[in-house]
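Notes follow once the structure below has been shown.
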Amino acid sequence: MKSPLLSLPGAVPAEGVDEGVAAHYGDLFREQRALAGGTGFVDLSHRGVLTVSGEDRLSWLHLLLTQHVSDLPTGEATEALILSANGHIEHALYLVDDGTTVWAHVEPGTREALVAYLESMKFFYRVEVADRTDEFAVVYLPAGSIAEVPEGVVVRETPYGRDLFLPRADLESFAAAHGPAAGLLAHEALRVEHHRPRLGFETDHRTIPHELGWIGTAVHLQKGCYRGQETVARVQNLGKPPRRLVFLHLDGSDVHLPAPGTEIRLADEGPDGRKIGFVTSSVRHHELGPVALALVKRNVPVDAALLAGETAAAQEVVVEP
């Protein structure tokens, strides 16, 4: 779904899974600095929007999600996962309940499969699942923003900023009143800075929550009875995950960033050494320079110098080995 905000001056379209919104509006670092300073907004209207309504919405979701939501207070933001039977991450949901309805936004390209799964699990529960993506768009306001939220708009407030579920028809008028717009690359740079994993970027077909630091933020350890819970409990109580998320400071002399999927090796083994991981997200940050998130084998020494492709990289621990 192509955003009308791609018509704003300087807009350069994003590609791949983020197609449909602007990657930037002509000045990546200015846009990052604006967001870091609490001004501007980001068009995330390519993300899917779902609602779950009905008397049993919270108790029903509690049975399906990794998060404890049976008593979720009205207006309190949370995030949750849906796992496979083997504990691998399949979906990530960013949630808030407005008192009558749970609102969630999800990664582009995942909503149809998620809605189909939720519909298959309704049984006798009094719930209604709806795909609201055609009606509502997600807009991000950064932490510290004093922008006024239009009346009646559902807001999901987090330490990183506010997610607005804005009527899609109001996108252009909102942009005119709350600019300047910042592109998705600025949003991604701040996400990587804060070590926040993203489904489809930091995950692959075998990722479990422990590898990404999603235990606690998206997985509640004091609840059970959800698909994949046995794996979560076993790894938490009896073992360690096979991989761990790291933050990489990249050599700034290289012109090109290592693309997602770039293989990581130990620097002392050189570019032909054994593969120990791969880059998941890479960005240029307005203060930190080129940085990345990566998944590496758990037993990689935390002080080891690394190579991302041919780019030298120093690691910063995100998930403890």
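The values are calculated or read from the model by the stated rules, or taken from the named source; none is laboratory data. None of these values were measured; they are calculated from a predicted model. Backbone-built Cβ (ideal geometry, glycine too); neighbour counts: all protein chains shown. Ligands, DNA and RNA are excluded from the accessible area calculation, which covers all protein heavy atoms including side chains. Shrake-Rupley method; radii C 1.70, N 1.55, O 1.52, S 1.80 Å.
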- Message: Cα atoms only: what Rg and Dmax, in Å, come out for the stretch 182-247?
- Response: 13.7, 44
- Message: Restricting to DSSP H runs of at least four residues, report the calculated mean residue ellipticity at 222 nm for the chain, -39500 (n - 2.57) per run over all residues, nearest 500 deg cm²/dmol.
- Response: -5000 deg cm²/dmol
- Quick note, the stretch 1-151: a/c under 1.5 would make it rounded; otherwise a/b > b/c is prolate and the rest oblate (a ≥ b ≥ c, C-alpha gyration tensor); here it is prolate
- Average accessible surface area per residue within the chain, 1.4 Å rolling probe, Å²: 44 Å²
- Query: In whole percent, what relative contact order does the stretch 263-321 give with Cα contacts below 8 Å and a gap of six or more residues?
  - Reply: 34 percent
- Message: If I model a spin label at Y160 and E287 as a point 7 Å from the Cα along the Cα→Cβ vector, what separation in nanometres do I get?
- Response: 1.7 nm
- Message: Can you compute the radius of gyration and Dmax for the stretch 182-313, using only the Cα atoms, both in Å?
- Response: 15.8, 50
- Task: Name the residue farthest towards the positive end of the dipole of the stretch 136-214 from the options V149, T207, F165, assuming +1 on Cβ of Lys and Arg, -1 on Cβ of Asp and Glu, about the Cα centre.
- Result: T207
- Could you give the nm distance between label points at E128 and S173, where each point is 7 Å from its Cα heading toward the beta carbon? 2.5 nm
- Item | For the stretch 107-215, size of Cβ-based charge dipole, Lys and Arg +1, Asp and Glu -1, in debye | 280 debye
- Task: Can you tell me the FRET efficiency between A314 and K223 if r is taken as the Cβ-Cβ distance and R0 is 35 Å, rounded to the nearest 0.05?
- Result: 0.40
- Excluding ligands, DNA and RNA, the carbon-plus-sulfur percentage of the accessible area of the chain with a 1.4 Å probe reads 51 percent
- Counting alpha carbon pairs within less than 8 Å and at least 6 residues apart, what relative contact order, in whole percent, applies to the chain? 19 percent
- Query: If you put +1 on each Lys and Arg Cβ and -1 on each Asp and Glu Cβ, how big is the dipole of the chain around its Cα centre, in Debye rounded to 20?
  - Reply: 800 debye
- Item | Hz values of 3J(HN,Hα) by residue in the stretch 257-265 - Karplus curve (6.51, -1.76, 1.60), Gly and Pro given as x | 6, x, 6, x, x, 4, 6, 10, 9
- Distance between modelled label sites at L238 and D303, nm, 7 Å Cα→Cβ extension: 3.4 nm
- Ordering of 149-162, 238-251 by packing [mean C-beta count within 10 Å, highest first]: 238-251, 149-162
- Item | More than 38 angstrom apart: percent of Cα pairs within the chain | 15 percent
- Query: When all protein chains stay in place, what accessible area (Å², nearest 10, 1.4 Å probe) is found for T74?
  - Reply: 100 Å²
- Query: D for the stretch 121-219, whole µm²/s, Stokes-Einstein with Kirkwood Rh over alpha-carbon pairs at 4 °C and 1.567 mPa s: what number?
  - Reply: 80 µm²/s
- Using Cα pairs closer than 8 Å and at least 6 residues apart in sequence, work out the relative contact order for the stretch 201-321, in percent. 31 percent
